[in-house]
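Taking it in order: structure first as structure tokens, then the write-up.
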Amino acid sequence: MAMSRATAAPPAATDFEALHRRLSGQGPDWVRSFRSEAWGRFVLEGLPHHRMEAWRQTRITAVAGSSFEPAAANTVLEGGDNGVFAGTLAQAPDQVREQVRQRLGTLAGHEGHPFTALASSMLQNVTLVVLPAGHEAGDPVTIRHQAGPGTSLNVPRTVILAGKGARATIVESFDGTESGSGYLTLPVTEIFCAEDAEIVYNRIQRDSPGSFHIGRVQA
């Protein structure tokens with residue numbers, strides 16, 4: 001007999017729908033649509049559980065049983081040079097924003113990835129690194145995400161766009177706080193490389209003890 005998602009998945013202590021609804025009216029139309037589509041997928045799939053093959057060896061009972069509140073984005077970018085755009089979607093020129101609109105979520109899709117869908121349904125901003133064609137960044141570009149205090153829900157989103165023949169080293173790190181424990185971080189990073197581009201990508205986790213980190217990188 002087939003087991004329904006409702007009976008198989010662990011109950012969630014956090015009212016994720018209420019958190020999603022808080023953001024429903026924020027941002028341009030395409031961002032609102034992106035969140036809505038992601039929420040629909042999360043509702044369809046629900047939290048994963050150990051009866052699902054991909055999660056057979058992973059227990060998320062502690063995650064499901066904790067209450068989380070969204071944290072304000074706290075991301076710092078360093079390095080690069082004048083040829084590199086490093087900033088947020090809100091700060092980006094129109095041309096870059098259009099590229100992100102067309103590409104966001106095309107590598108890190110939601111189907112079969114409930115935590116990606118959940119993170120996307122809470123999307124507030126996107127951190128961007130854009131390298132023009134033929135550009136070789138000198139120093140590494142560093143993206144530092146700081147978790148919020150307490151039992152915060154952190155959903156950092158990063159998009160890297162490398163033009164034809166571009167070269168760069170990128171370091172993305174995730175840091176906890178002295179006052180933070182039991183928080184949840186659901187980062188999603190998408191890396192788009194044009195022909196002959198080369199990105200050396202490094203990911204560092206310095207999370208606090210007792211925190212939860214379920215991340216995804218697609219290139």
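The values are calculated or read from the model by the stated rules, or taken from the named source; none is laboratory data. Just so it is clear, the structure is predicted and the values come from calculations on it, not from any experiment. So basically every Cβ, Gly included, is an ideal-geometry build from the backbone, and we count neighbours across all protein chains shown. Accessible surface is based on the protein model in full, side chains and every heavy atom, while ligands, DNA and RNA are left aside. Shrake-Rupley method; radii C 1.70, N 1.55, O 1.52, S 1.80 Å.
Placing unit charges on the Cβ atoms only, positive for Lys and Arg and negative for Asp and Glu, gives the chain a dipole magnitude near 660 debye about its Cα centre. Identify, among 55, 211, 149, the residue whose Cα sits farthest towards the positive end of the charge dipole of the chain, taking +1 on the Cβ of Lys and Arg and -1 on the Cβ of Asp and Glu, with the dipole about the Cα centre. Ranked along the dipole, the leading option is 55. Over the residues of the chain, the helix contribution to mean residue ellipticity at 222 nm works out to -6000 deg cm²/dmol, using -39500 (n - 2.57) for each DSSP H run of at least 4.
Mind checking the per residue accessible area of the chain for me, 1.4 Å probe, whole number of Å²?
Working: 10880 Å² over 219 residues.
With the other protein chains kept in place, the chain gives 50 Å² per residue.
Of the peptides 66-74, 148-156, the order by per-residue mean of other Cβ atoms within 10 Å, starting with the highest, comes out as 148-156, 66-74.
Close amide-amide hydrogen proximity is noted between residue 133 and 163, 164, each under 5 Å apart and 5 or more residues distant or on a separate chain (H modeled in the peptide plane; Pro and chain starts excluded). One equal scatterer on each Cα of segment 1-118, no solvent, Debye formula: the resulting log10 I(q)/I(0) at q = 0.11, 0.14, 0.15 Å⁻¹ is -0.51, -0.77, -0.86. Globularity index of segment 95-163 is 1.30 (Cα radius of gyration / 2.2 N^0.38 Å, N = number of residues).
Quick one: if the Förster radius is 45 Å, what FRET efficiency do residue 13 and residue 171 give, using the C-beta to C-beta distance and rounding to 0.05?
Details: r = 34 Å, r/R0 = 0.75.
For residue 13 and residue 171, the calculated efficiency is 0.85.
For every other residue with a beta carbon closer than 13 angstrom to the beta carbon of residue 105, add +1 if it is Lys or Arg and -1 if Asp or Glu, then tell me the sum. Don't skip to the answer; put the middle values down first.
On the way: positive: 35, 41, 101, 103, 157, 216; negative: 37, 111, 190.
Surrounding charge for residue 105 is +3.
Here r is the Cβ-Cβ distance between residue 88 and residue 21 and R0 is 22 Å; the resulting FRET efficiency, rounded to 0.05, is 0.40.
Along the positive direction of the dipole of the chain (beta-carbon charges: Lys, Arg +1; Asp, Glu -1; about the Cα centre), which of 28, 67, 120 reaches farthest? Of the listed residues, the answer is 67. Dipole size of segment 47-145 about its Cα centre, with +1 on Lys/Arg Cβ and -1 on Asp/Glu Cβ: approximately 500 debye, rounded to the nearest 20.
If I compute solvent accessible area with a 1.4 Å probe over the protein chains, what percent of it on the chain is carbon and sulfur?
Values: 5250 of 10880 Å².
Heavy-atom surface of the chain belonging to carbon and sulfur, 1.4 Å probe: 48 percent.
Suppose R0 equals 22 Å; then what is the FRET efficiency for residue 217 and residue 133 from their Cβ-Cβ distance, rounded to the nearest 0.05? Computed FRET efficiency for residue 217 and residue 133 comes out at 0.40. Full extension of the chain between residue 32 and residue 102 yields a length gain of 23.8 nm, computed as 0.36 nm times the residue separation minus the alpha carbon distance.
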